[in-house]
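The values are calculated or read from the model by the stated rules, or taken from the named source; none is laboratory data. The structure displayed is predicted, hence computed values, not measured ones. In this analysis, Cβ positions are derived from the backbone assuming ideal geometry, glycine residues included, and neighbour counts consider all displayed protein chains.
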Amino acid sequence: MTKLKETENLWILGLFLGITGLISALVLAIFSDLVKEPIAAAELRSTNQALQQILPPFDNQPSRTSVKIKAENGSEYTFMGAFKDGRLVALAAIGANAGYAGLVHAMVGLNPDGSIRAVLITRHNETPGLGSYVCERKFQKTIFNLFEPKPEGLPPNSFLDQFDGKTARVAANWKVRKDGGSMKYITGATVTSRAVTELVSELDRCYLANKAEIIGALNSQEGK
């Protein structure tokens with residue numbers, strides 16, 4: 001009789017756990033659907049803000065005019081086109097590379113000829129005070145500008161700004177100086193410096209190698 005009660009209790013417990021798990025799954029599914037659109041909207045706002053920082057004025061929606069290209073290194077990069085009065089004025093190249101503490105995500109503004117306009121790190125998990133110096137753009141407050149209004153434009157970053165105006169052609173020695181290259185790096189954050197340098201280089205090289213295909217695809221989406 002005792003064994004029979006124990007068996008019944010196990011069945012009841014199993015049924016209870018099953019129902020609890022089903023209810024939890026349903027709640028998670030409903031919650032996921034509820035937050036999906038707000039998350040997507042927030043990501044779109046963040047992308048648009050980044051695009052406005054690294055690109056010249058445009059009158060289209062670059063995030064909806066894009067093409068994905070697989071680079072020689074196996075990575076897939078996204079290229080967005082910025083149009084003004086029906087003409088392609090610039091592009092944004094988006095990709096990620098492994099840093100010291102995870103993936104470093106970057107958005108690189110490009111002129112149609114492949115020269116770099118600006119580099120913006122959009123997401124990272126690098127060490128505060130070390131790798132973060134490589135990735136973050138901040139206006140520095142001092143006693144001399146404490147009460148001045150916040151300047152317009154992209155905040156400076158001496159490491160990221162060194163790419164401006166450059167083109168990663170085949171002959172370009174785009175490695176950090178510690179590896180025998182010509183690019184500066186942040187002491188104590190060599191891994192992050194190296195990761196960002198490699199990523200910016202690969203994004204630009206990918207564009208240059210597939211320039212005609214990318215521009216053709218973007219023009220086609222804009223109806224040209």
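Each residue in region 175-224 was checked for being among the acidic types (Asp, Glu) and free of Cβ contacts under 8 Å to residues at least 60 places away in the same chain, and 1 pass. Output the number of the condition that residue 215 fails; it satisfies all remaining conditions of (1) in contact with a strand residue (DSSP E or B) (Cβ under 7 Å, 6 or more places away or on another chain); (2) more than 19 Å from residue 68 (Cα to Cα); (3) modelled with pLDDT of 85 or more; (4) buried (at least 16 other Cβ atoms within 10 Å of the Cβ). Evaluating residue 215 over (1) in contact with a strand residue (DSSP E or B) (Cβ under 7 Å, 6 or more places away or on another chain); (2) more than 19 Å from residue 68 (Cα to Cα); (3) modelled with pLDDT of 85 or more; (4) buried (at least 16 other Cβ atoms within 10 Å of the Cβ) leaves (2) as the failure. Scanning region 96-140 for residues that are closer than 14 Å to residue 154 by Cβ and either among the charged types (D, E, K, R) or surrounded by 17 or more Cβ atoms within 10 Å (Cβ to Cβ) (or both) yields a total of 14.
Scanning region 65-78 for residues that are exposed (fewer than 14 other Cβ atoms within 10 Å of the Cβ) and in contact with a helix residue (DSSP H, G or I) (Cβ under 8 Å, 6 or more places away or on another chain) yields 72, 73.
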